[in-house]
Structure formats: C-alpha cells, structure tokens
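Working notes, beginning with the structure itself.
The values are calculated or read from the model by the stated rules, or taken from the named source; none is laboratory data. None of the values given here were measured: they were computed from a predicted structure. Here the Cβ positions follow ideal geometry from the backbone for every residue, glycine too, while neighbour counts run over all protein chains shown. Keep in mind that these areas ignore ligands, DNA and RNA; they rest on the heavy atoms of the full protein, side chains included. Shrake-Rupley method; radii C 1.70, N 1.55, O 1.52, S 1.80 Å.
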Amino acid sequence: LGKTALASWAILWFALTRDGEDWKIQTTASAWRQLTKFLWPEIRKWARRLDWKKIGYREAFSERTELLNLSIKLNTGEAFALASDNSAMIEGAHANNLLYIFDESKTIPPDTWDSAEGAFSVGEAYWLAISTPGEPNGRFYDIHARRPGYEDWMTRHVTLEEAIAAGRISPEWAEQRRQQWGEGSAVYQNRVQG
C-alpha cells in the first residue's frame, strides 16, 4: 500500500532537511532481501524524481559519491542499510538527528528493537516501523496493541476501504479472497483487511 514509498520519502526528507547538522538514518528489515531488492531501489527511484529546482539549495545527488547502492552519503550524515539479525549491529548510532526505518517490522527480532531503543535517550530521534500484519506476537504487534510501555508510539492502520479508494486493492480481488478464505479467517484479516 505504498509503505516502502513512504519510507523512501521519509529518508529523503530527513537527509535533505538535516544535512549541515549531525545526522544518521539506519534502515533495517526482517530480511536483507527487503533492503537490497525493495527499500533501497525505491529510495533511488524517488531520489531521481526529486524536483531539485524546488529544493533549491543544492544540485541533484551524485550517483557516484552520494546516492549509492545501499546508502546516501551527504556532507554531514549518512543513511545506510543494516542487517537486523545481529542486534549489536544496530547499537552505537549517535547523532543529534536520528531516524530509524524498520521495514517489514513484524518479524524483526526483539533484541534488535531493544538495541535501537537506546539511541532515543537524547537528541532528535524518529522511528518509522512499517509492516503488513502478522501473527499476534512480537514488538510490532505489541506497539499496535498499545501494550504498556508503547503508549509513546503513534500507530496508523490502513483500512481495506482506504486501500480500495486509493486504487491499491481491487474490490473484486478482496471479495474473491473473502469467499476463498472466509471473513473470519486469520489469512483474510492479515492479507486483505490488514
């Protein structure tokens, strides 16, 4: 439903509005493939579509030195990809301005969430965790279930009606899946209503 595009826009916005200050953007996902095949190609796609005349203060990204395969390196900061299966790799992000992107968050291990959490103790820090729904467990579920300790997260659930109105889901497909899987089934609730 455009989750990866949203993450791409957030990364580009953060990098372009913070360059000149101390900043970092860490991106991770439930699988390395999500970063290499989906998120970072999407970031590069949207970076090429930026209206640099409206941005005004700089030229387009150099694809040789700034807009790289799995990172954006600017004057005073960097956005980059990290694997989520080693929680120690997420630790150590220190900057006055931080942005974490967790893509397909439902299966990112709890230790990885905990390691990233330490960076939020000081400075300007943001976290965008996106995913399709999954099993009723894990950190992403806990956040959306509003479990104790997660009240400081803002959540957004996109409804089936919104997805249909946006042209991202066909009403016929949704109806066929309702008939196929049953309206009360977990697969229907996750794959269609989720």
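When the residues of the stretch 158-170 are filtered to those that are part of a helix (DSSP H, G or I) and either among the acidic types (D, E) or open to solvent by less than 70 Å² (accessible area, probe 1.4 Å) (or both), the one that is farthest from F140 (Cα to Cα) is I164. Scanning the stretch 89-113 for residues that are open to solvent by 30 Å² or more (accessible area, probe 1.4 Å), under 22 Å from D142 (Cβ atoms) and either without any contact (Cβ under 8 Å) to a residue 24 or more places away in the chain or touching a Ser or Thr at 6+ places or on another chain (Cβ under 7 Å) (or both) turns up E91, E104, K106, T107, P109, D111.
Here's the yes/no breakdown for (1) among the aromatic types (F, W, Y); (2) open to solvent by less than 60 Å² (accessible area, probe 1.4 Å):
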{"site": "D142", "(1), (2)": "no, yes"}
{"site": "D152", "(1), (2)": "no, no"}
{"site": "R156", "(1), (2)": "no, no"}
{"site": "E183", "(1), (2)": "no, no"}
{"site": "Y188", "(1), (2)": "yes, yes"}
{"site": "Q193", "(1), (2)": "no, no"}
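Would the stretch 10-19 turn up any residue that is farther than 30 Å from I169 by Cα and open to solvent by less than 10 Å² (accessible area, probe 1.4 Å)? Looking through the stretch 10-19, at least one residue is farther than 30 Å from I169 by Cα and open to solvent by less than 10 Å² (accessible area, probe 1.4 Å). The condition (being open to solvent by 30 Å² or more (accessible area, probe 1.4 Å), touching a strand residue (DSSP E or B) at 6+ places or on another chain (Cβ under 9 Å) and assigned to a strand (DSSP E or B)) is satisfied by just one residue among F38, F80: F80. Screening R178 against (1) closer than 23 Å to S84 by Cβ; (2) basic (K, R); (3) open to solvent by less than 90 Å² (accessible area, probe 1.4 Å) leaves a single unmet condition, (1).
Do we have E78 as more than 14 Å from the chain's Cα centre (by Cα), of a type outside the set (S, T, N, Q) and closer than 19 Å to A116 by Cβ here? Here the answer is yes, as E78 does meet what is asked.
Residue pairs whose Cβ atoms lie under 6 Å apart, separated by 6 or more positions or on different chains, with the first residue in the stretch 120-137 and within 18 Å of R156 (Cα to Cα) and the second surrounded by 13 or more Cβ atoms within 10 Å (Cβ to Cβ) and among the β-branched types (V, I, T), are L128/I101. The single condition from (1) buried (at least 21 other Cβ atoms within 10 Å of the Cβ); (2) over 18 Å from the mean Cα position of the chain (by Cα); (3) among the polar types (S, T, N, Q) that S30 fails is (2).
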